[in-house]
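Please read the structure below before turning to the comments.
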Ligand SMILES: C[S@@+](CC[C@H](N)C(=O)[O-])C[C@H]1O[C@@H](n2cnc3c(N)ncnc32)[C@H](O)[C@@H]1O
């Protein structure tokens, strides 16, 4: 695939919206073509994960341009992608073409998918959320996935600055310390796979891993 990635200016432009918890933050950045997180294609680890599994219903929250949804749909996998920023959904619909209805404007924390997901795909979604929403993220993932369901994808891992506040100079992306991630997820999920990533883009390079977590037992969060 040719590199259609939007080129980010050397310094981030000035934006009006500073709260990544609000759709306007992301809408403004998509609207102005400032998406330094955008891989402009389907990551290699995603493809190999798909090759190891039989088709199952996939939910992609915070899908952005949704290259992966397009790729899965072409393979006949049931998939639904959501994003709460209308400009992101517009970009995703352009990728999906005649399958544009597979992406919706929706907030992950209230969205009810039309199927029980077998897999929820994570890429640059947890790290887009203010750290104060991490418990909500975990609870929602645990509520949406049945026992045995998979939460798998790319997690942005690193040492957090001790004075971390949620202003835009520190993130997004907000990395998470590995011990904190494990403490968050292990009450609900068992870690099955933990792999390095070979084709990270600049913003995530050296700090993302492919992790596959399986929903434990029968209890719902
Ligand atoms: C850093 S971007 C990543 C987009 C995409 N996953 C990718 O890998 O290119 C984060 C995305 O999450 C979306 N988002 C943030 N909070 C959300 C929420 N509560 N519900 C749905 N989407 C959300 C944003 O609008 C944005 O498109």
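Every number here is computed from the coordinates shown, using simple stated rules; none is lab data. The structure presented is a predicted model; accordingly, all values stated were derived computationally and were not measured. In this analysis, Cβ positions are derived from the backbone assuming ideal geometry, glycine residues included, and neighbour counts consider all displayed protein chains.
Consider residue 109 carefully, then state whether it is touching a helix residue (DSSP H, G or I) at 6+ places or on another chain (Cβ under 9 Å), farther than 23 Å from residue 45 by Cβ and surrounded by 21 or more Cβ atoms within 10 Å (Cβ to Cβ).
On the way: touching a helix residue (DSSP H, G or I) at 6+ places or on another chain (Cβ under 9 Å): yes; farther than 23 Å from residue 45 by Cβ: yes; surrounded by 21 or more Cβ atoms within 10 Å (Cβ to Cβ): no.
In short, no.
Can you give me the ranges of the helices (runs of 4 or more DSSP H) entirely in the range 82-191 with at least 2 residues that are more than 13 Å from the ligand (Cβ to nearest atom) and over 17 Å from the mean Cα position of the chain (by Cα)?
The helices (runs of 4 or more DSSP H) meeting that bar are 86-96, 178-185.
Kindly indicate the residue of the range 47-68 that is in a helix (DSSP H, G or I) and more than 10 Å from the ligand (Cβ to nearest atom) and also nearest to residue 113 (Cα to Cα) among those meeting that condition.
50
Could you look through the range 108-128, keep only residues that are in contact (Cβ under 8 Å) with a residue 40 or more places away in the chain and out of contact with any strand residue (DSSP E or B) (no Cβ under 8 Å at 6 or more places or on another chain), and pick out the one that is nearest to residue 27 (Cα to Cα)?
Filtering the range 108-128 for residues that are in contact (Cβ under 8 Å) with a residue 40 or more places away in the chain and out of contact with any strand residue (DSSP E or B) (no Cβ under 8 Å at 6 or more places or on another chain), the one nearest to residue 27 (Cα to Cα) comes out as 128.
Which of the residues belonging to the range 69-81 are within 13 Å of the ligand (Cβ to nearest atom) and under 19 Å from residue 140 (Cα atoms)?
Across the range 69-81, the qualifying residues are 80, 81.
If I go through the range 72-90 residue by residue, how many of them are buried (at least 16 other Cβ atoms within 10 Å of the Cβ) and in contact with a strand residue (DSSP E or B) (Cβ under 9 Å, 6 or more places away or on another chain)?
Here the count works out to 13.
Between a residue in the range 171-192 that is in contact (Cβ under 8 Å) with a residue 60 or more places away in the chain and under 29 Å from residue 36 (Cα atoms) and any residue that is outside any helix (DSSP H, G or I) and more than 16 Å from the ligand (Cβ to nearest atom), which pairs come within a Cβ distance under 9 Å, given they are 6 or more apart or on different chains?
Here the result reads 171/164, each pair linking the range 171-192 to a residue that is outside any helix (DSSP H, G or I) and more than 16 Å from the ligand (Cβ to nearest atom).
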